[in-house]
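Have a look at the structure below, then the notes.
The values are calculated or read from the model by the stated rules, or taken from the named source; none is laboratory data. Remember, predicted model here, so these are calculated numbers, not experimental data. Using ideal geometry, Cβ is built from the backbone for each residue, glycine included, and neighbour counts are taken over all protein chains shown. Heavy atoms of the whole protein, side chains included, go into the accessibility calculation; ligands, DNA and RNA do not. Shrake-Rupley method; radii C 1.70, N 1.55, O 1.52, S 1.80 Å.
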Amino acid sequence: MIKFSIIMTAFNAEAFLREALTSVFDQSYTEFELLVVNDASNDGTQAILDGYSNENRLKVYVNKQNKGMATSRNFAMSKVSGQYVLFMDADDLLDNNLLHEANQIIESDRADLIIFDYERFSENKRQKIETGTTYEKMYTAVWNKVYEANLLTGIKFPEYSKLGEDLAVALITRYRAERVVHLSYVGYYYRQVIGSASHKQEIKAHIDAVAVIKNILEGYPTIASNAKCLLNQQLFIQAANIVKLSNTKKSLKGNSQYLVDVQNNLDKGVIQYGNGILKKLKNNLFWMLLKIHGYNLCQKYTKWLLK
């Protein structure tokens, strides 16, 4: 049985795809497969993949129509044959020894979830990010982790959202995992590209992310309280982006219900967890909502400011 399955989705990825593939096939540990879903690219992505036709560790699947990262990843997850699964984006890089380091941890600690450090980089900047095993430190992306395949059983990336799909999988697998190990090692290099999926500035994307977060909170009521605090913080971030991107009063009013829902959720969070950060976020969102609802909202929520 193959030890590692690496899942990559690619849409118009020709600019960085060769570099990403090289970082995979140059791994010092060689017992792996790479599953790439070409999500209906219309550039040179497929030609680059065709150039690796002699690489028997590469499996390529092609979507005839663009289906998005979540759908493509879900499809690839149904095709893995490895004992452990990793995810990567087509413009990012793996450290050449990542699989070796992960295998060492698996053999010594029998981990079912490994969380490792990563580095953000762009043309002008590099920044190492240290992670950990707690919900607060693990980071909410899926690509700085190694998952035992069974840990992903029954889990799917939310296909209705352009944002937040990583958060759902990262938190649920952390919730399920019995043996979580932190690898103090930069195993992943995250390229910051303007216009990439993680930088999309669309109101609908942030509204969809709110739905993802609320579904986790409702679907996993026994998840740890610090995870719920993290989710509430993520709710505020999405709400703040909705306000930021709503350039007109009409646009703000059109999205006001989503913001009120977030405010109500933060209220529950403060009452249940007494978290100082949540309290601050709650009050910040109050002032955002005041821009929309004016005096009526002020009457409704003034009691919050007195707590």
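What is the antiparallel percent of DSSP beta bridges lying wholly in segment 81-175, to the nearest 5?
Rounded to the nearest five, the antiparallel share is 100 percent.
Please compute the modelled spin-label separation between LYS204 and ASN56, points set 7 Å along Cα→Cβ, answer in nm with one decimal.
If labels sit at ASN56 and LYS204, their model points lie 4.5 nm apart.
Calculate the FRET efficiency for GLU107 and ILE2 from the Cβ-Cβ distance with a Förster distance of 22 Å, rounded to the nearest 0.05.
0.90
When the solvent-accessible surface of protein heavy atoms is calculated with a 1.4 angstrom probe, in what order do PHE87, PHE75 fall, highest first?
From most exposed to least exposed: PHE75, PHE87.
Output wanted: per-residue J couplings in Hz (rounded whole) for segment 30-46, from phi through Karplus 6.51 cos²θ - 1.76 cosθ + 1.60, θ = phi - 60°, x for Gly and Pro.
In residue order, the calculated couplings are 10, 8, 8, 10, 10, 9, 10, 9, 7, 8, 6, 5, 10, 10, x, 4, 5 Hz.
Answer rounded, prolate or oblate for segment 100-170, using the Cα gyration tensor with square roots of eigenvalues a ≥ b ≥ c: rounded when a/c is under 1.5, else prolate when a/b is larger than b/c, else oblate.
Because a/c hits 1.5 or more and a/b fails to exceed b/c, segment 100-170 counts as oblate.
Mind checking which of VAL186, ILE207, TYR175 is farthest towards the positive end of segment 145-231's charge dipole, using Cβ charges of +1 (Lys, Arg) and -1 (Asp, Glu) about the Cα centre?
VAL186
Which percent of the accessible area of segment 1-102 is formed by carbon and sulfur heavy atoms (probe 1.4 angstrom)?
Whole-percent figure for carbon plus sulfur exposure: 45.
Just to verify a number: FRET efficiency for ILE237 and GLU19, C-beta to C-beta distance, R0 = 25 Å, to 0.05?
0.25
Relative contact order for segment 1-80 using alpha-carbon pairs under 8 Å, separation at least 6, rounded to a whole percent?
Computed over segment 1-80, the figure is 37 percent.
Within 10 Å, count the other beta carbons around each residue, average over each peptide in 89-95, 171-177, 64-70, and list them highest first.
In decreasing order of mean packing, 89-95, 171-177, 64-70 become 89-95, 171-177, 64-70.
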